[in-house]
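Everything on this sheet refers to the single structure shown next.
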Amino acid sequence: MTDPQSTSVLDRLAAKAIREGVMDVRRVPIDAIAPNPKQPRRSFTDEATPEERRAANEHVAFLAASIRQIGLQQPIIVHATEDPQRFTIVDGECRWRAHGVAQLPAINAVVLPPDVSPLDVLMRALSANIHRRNLSLREEYTAIVSLRADFQGQDADFASHYGWPPSKLSKMLGLRKLSGIALDAFNEGLLESPETANQFKSLSPTTQQRLLADARSSRVAISRGAVERAMKAAKKPKSAAHGYALGTLAPPLAEALFSALGADLPQPKVARSQLRVLLEARITAAS
């Protein structure tokens, strides 16, 4: 089972900064901390689906049990607000909520200086969640769109600033064109990647509905592989050996032709090459 307190890249960088004396860990009251309103993960908000909220609550309960037994293994990271006694979470919302479930009054936290910009705070939160791979495609898209709205410049500049391939940004922003069943799957966090979404929307509505029903039942996002298999299955099968059906394509013509040559009509289905050989043989024999 995965360690419920496994740390992100951001956590590890914070730990290094703590060891080097660049950052200090403070004991911060639980009530003095608030979630980041731009937190990419939406599991604890009204935007979350019932399934997302259920999974998030189960994770917090599991984490609370771990903290009761062995304590908090990694401090959360918070950002100081204009009120020096109030803080906003950058990374560690689940650990903070777990402290509340465990009825612990305070939590160890690394406090970022007030001069760190809100945009940097959002970027740190997004990076932490992406490295943990615990964002749905919808959550990652929402965070990137929020970041893009606050960034002055072209898409290429935005991608370069945050170290993302331009192609990834283009695919993520292209998700705004989703509609119908594809949009439903996206909003429910049941599409695995932008590539999956792009292929999914090309499927027939019946196939889309079937894949979405399976994903809802299994609680597993629709993968690119699943979509590609559905696309392959939808293709019309080729006729065996490129068969030429005399009895269905042109029966009167075929019968007249072979009757004129004094020959019996071949089997209802023969290959084109075989038919040509038969015809040439009968014509030669009749000449």
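We did not get these values from a lab; they are worked out from the coordinates using the rules stated. On a predicted model such as this, the values are computed, not experimentally measured, just so you know. Ideal geometry is used to build each Cβ from the backbone, glycine not excepted, and the neighbour counts take in all protein chains shown.
Side notes on the structure shown:
- Protection proxy ranking of 207-218, 187-198 - average other beta-carbon atoms within 10 Å, highest first: 187-198, 207-218
- For I107, the amide hydrogen comes within under 5 Å of the amide hydrogens of V28, I30, counting only partners 5 or more places away or on other chains and with H modelled in the peptide plane.
- Highest to lowest packing among 73-79, 59-65, scored as the average C-beta count within 10 Å: 73-79, 59-65
- For a paramagnetic label modelled on A34 (point 7 Å from Cα along Cα→Cβ), amide N atoms under 13 Å away belong, within the range 77-106, to 79-89.
- Highest average first, the peptides 89-95, 50-56, 165-171 ordered by how many other beta carbon atoms sit within 10 Å of their residues are 89-95, 50-56, 165-171.
- Positive minus negative residues near A230 (Lys, Arg vs Asp, Glu; Cβ under 13 Å): +4
- Restraint check, K201/K232; K38/K168; K171/K235; K168/K232, Cα-Cα greater than 23 Å: K171/K235; K168/K232
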